[in-house]
Each structure stands twice: as C-alpha cells, then as structure tokens.
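The values are calculated or read from the model by the stated rules, or taken from the named source; none is laboratory data. In this text, all values refer to a predicted model and were calculated from it rather than measured experimentally. Note: ideal-geometry Cβ built from the backbone for every residue, glycine included; neighbour counts use all protein chains shown.
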Amino acid sequence: MQAETTSKAAVSSLVQPKKQSRLANVWRELKKNKHYYILMSPYMLIFFAFTVVPVVFSIVLSFFYFNMLEFPRFVGWQNYSRLFLNDDVFMIALKNTLLFAVICGPISYIACFLFAWIINELSPKVRALMTLVFYAPSISGNVFFIWLIIFSGDRYGYLNGFLIKFGFMLEPIQWLTNEKYILPIIMIVQLWLSLGTSFLAFIAGLQTIDKSLIEAGAIDGIRNRWQELWFITLPSMRPQLMFGAVMQITSSFAVADISVALAGFPSVNYAGHTIVTHLMDYGTIRFEMGYASAIATVLFAMMLGANKLTQRLLRKVGE
C-alpha cells in the first residue's frame with residue numbers, strides 16, 4: 001500500500017512539472033511575441049465578436065423554438081427532424097445546393113487557375129488589362145440586368161431573338177419561368193461571376209514562384225509545361241490554392257442573390273431554391289429563428305466537411 005502511494009506521488013510529481021513547463025512555454029512565447037499579438041488583437045476581437053460568437057449562438061439556438069417574440073423554448077432535435085423528415089422544400093434546396101457545389105465549385109476553381117496561368121504568361125501591360133477584364137464581372141453592380149435581358153421571355157430577349165431570327169424556333173421561350181431551364185441558367189451566371197478573389201490570389205501566387213525552381217526542375221528531368229505545372233507550380237502555390245478552394249466552396253454553397261434576381265423568390269416550383277434562400281425565408285420572413293439556425297448549422301457543417309476534403313486532396317498535389 002505504501003509502495004502504491006509512493007508510485008502515485010512520483011507520477012503526479014512528473015505530470016505536474018510537465019503541465020507547469022507547458023504553461024511556462026506558452027507564457028514565454030506570448031511575452032516574446034507580444035507585439036504581434038497586440039497588433040492582431042483588434043482583428044481577433046472583431047472576428048471573435050462577429051464570427052465565432054454568432055456561429056456558436058446559432059448552433060445553440062438550433063435546439064430551441066424561437067419566434068423573436070416569445071422566450072426561447074428548448075425542443076432538442078425537433079428542428080433537425082423537421083428539417084430532414086418533414087420539409088420537402090428543404091430537400092429540393094439541398095439537392096440544388098449540392099448540384100452547385102459539385103458542378104460549379106470544381107469548374108469555377110479550375111477555370112480560375114487556368115485563366116490565371118494563361119494570363120500570367122502575357123506581358124505585364126497586357127496581363128494587367130486581362131486581369132481587369134476577367135475580374136470586372138465579380139465587382140460590377142447590377143450585373144444581373146444583363147442576364148435578365150439575355151434570357152428575357154419575349155422576342156426582345158437577346159437569346160430568343162437570336163434563335164427566332166436564325167430559325168431555331170418559332171415562339172419565344174420563357175427561360176426564367178420554366179423550371180427546366182432555371183437551374184442551368186443560374187449555374188451559367190454563377191460560373192460567369194466566379195472569377196473573383198480566387199482568380200486574383202492565383203495571379204499573385206504565380207507571380208511569387210521562384211524561377212530558380214523551374215531551372216532546377218529542368219536539370220532534374222522536367223521536360224514539358226505540364227510536368228512543370230504539377231511538380232513545381234502547384235506545390236509552390238499551396239497557400240493560394242487552399243485560399244482559392246475555400247473561397248470557391250463558400251461561393252458555391254452560398255448561392256442566393258443570383259437565384260433571387262433571376263428566378264424570383266421563391267422561384268417556380270422552387271427550381272432555383274437553395275439552402276441560403278431557404279434560410280432567408282425562415283430567418284427574415286417567417287422569423288422562425290430556431291429553425292433558421294438549424295438550417296444555418298447544416299450549411300456550416302457541409303461547408304466544413306467540403307473544406308476538410310479539399311485540404312486532403314490539395315496535400316496530394318505534386319506527389
């Protein structure tokens with residue numbers, strides 16, 4: 001018994017210094033880099049107050065019934081069971097959102113990189129002009145009016161006028177009120193607008209690649225541009241590739257404004273409905289904040305899972 005007590009005391013004496021040493025190392029690191037933490041503190045406070053706290057609050061609120069008038073009432077998993085078992089509109093929105101993520105996400109990501117790679121080979125003045133041309137749609141206001149004119153349902157719509165003039169059809173098609181065409185049109189516009197921040201990040205990443213790596217690669221046996229792209233360019237751009245992936249995943253999961261502007265809210269038979277428009281419906285119109293929080297939590301989990309999957313795939317680049 002005495003030996004057992006002695007051994008426990010010895011183990012605790014070993015564990016205690018380890019804990020103290022870890023805390024001492026953390027404190028020493030904080031003191032050493034205190035200027036960096038002081039400079040970061042305003043951003044971290046804002047990020048914590050307006051991002052971390054709302055996310056945590058939303059997750060907690062998803063287990064309550066809350067209509068903005070009555071005090072929140074705990075309902076457990078009821079919001080989630082209603083969401084997946086009784087809400088047919090949410091299932092349509094989930095299907096549409098996954099289609100956006102699977103189709104628009106990878107296509108826009110690859111397009112951003114390919115256009116950035118091609119434009120990077122141009123002369124500096126031409127490169128600056130082409131970068132502006134490709135980036136302009138993502139920052140232009142009221143760009144949806146262009147597409148509303150193109151897909152207008154009368155003979156004056158550009159697409160209808162073109163097809164009628166060259167004999168492809170006799171009567172105009174109601175592009176934005178026919179559920180067969182709504183989702184593909186929204187995808188086209190989403191892809192057109194996707195050359196935004198990720199595109200600029202790729203341009204910047206390509207500009208920072210060390211040219212000596214390319215020369216060393218040529219000596220080691222790299223014979224063409226595709227090998228150079230896979231073994232040198234992409235591994236050198238992993239931070240930019242990760243940033244671009246996060247941005248493209250977020251934009252593909254968060255499609256809402258395009259759907260509302262082109263197809264209305266709600267769209268015909270919910271053909272253009274997404275998780276975000278469903279969230280807008282319950283959060284800003286019906287004020288069922290607990291249910292809206294459950295929708296937001298599901299969307300957050302989907303984005304988190306997609307980001308984790310993308311990180312694993314990007315780690316294999318250049319192997």
Output yes when any residue across region 120-142 is touching a Phe, Trp or Tyr at 6+ places or on another chain (Cβ under 8 Å), among the aliphatic types (A, V, I, L, M) and at pLDDT 85 or above, and no when none is. no
With respect to residue 64, is the statement that it is farther than 23 Å from residue 256 by Cβ and within 21 Å of the chain's Cα centre (by Cα) true? no
Residue pairs within 9 Å by beta carbon, gap of at least six or interchain, first lying in region 203-225 and under 11 Å from residue 120 (Cα atoms) and at pLDDT 75 or above, second in a helix (DSSP H, G or I) and β-branched (Val, Ile, Thr), listed first then second, are 203/119; 203/131; 205/233; 206/119; 206/233
Matching residues, region 68-106, being surrounded by 13 or more Cβ atoms within 10 Å (Cβ to Cβ), β-branched (Val, Ile, Thr) and under 23 Å from the mean Cα position of the chain (by Cα): 89, 92, 97, 103
Residue list for region 217-243, filter: aromatic (Phe, Trp, Tyr) and crowded, with 16+ Cβ neighbours inside 10 Å: 231, 243
Could you tell me which residue of region 178-196 is surrounded by the most Cβ atoms within 10 Å (Cβ to Cβ), considering only residues that are in contact (Cβ under 8 Å) with a residue 60 or more places away in the chain, among the aliphatic types (A, V, I, L, M) and within 20 Å of residue 247 (Cβ to Cβ)? 186
So residue 56 ticks every box in (1) within 30 Å of residue 243 (Cβ to Cβ); (2) in contact with a Phe, Trp or Tyr (Cβ under 8 Å, 6 or more places away or on another chain) but one. Which box is left unticked? (2)
Set 95, 125: member being in a helix (DSSP H, G or I), within 25 Å of residue 249 (Cα to Cα) and charged (D, E, K, R): 95
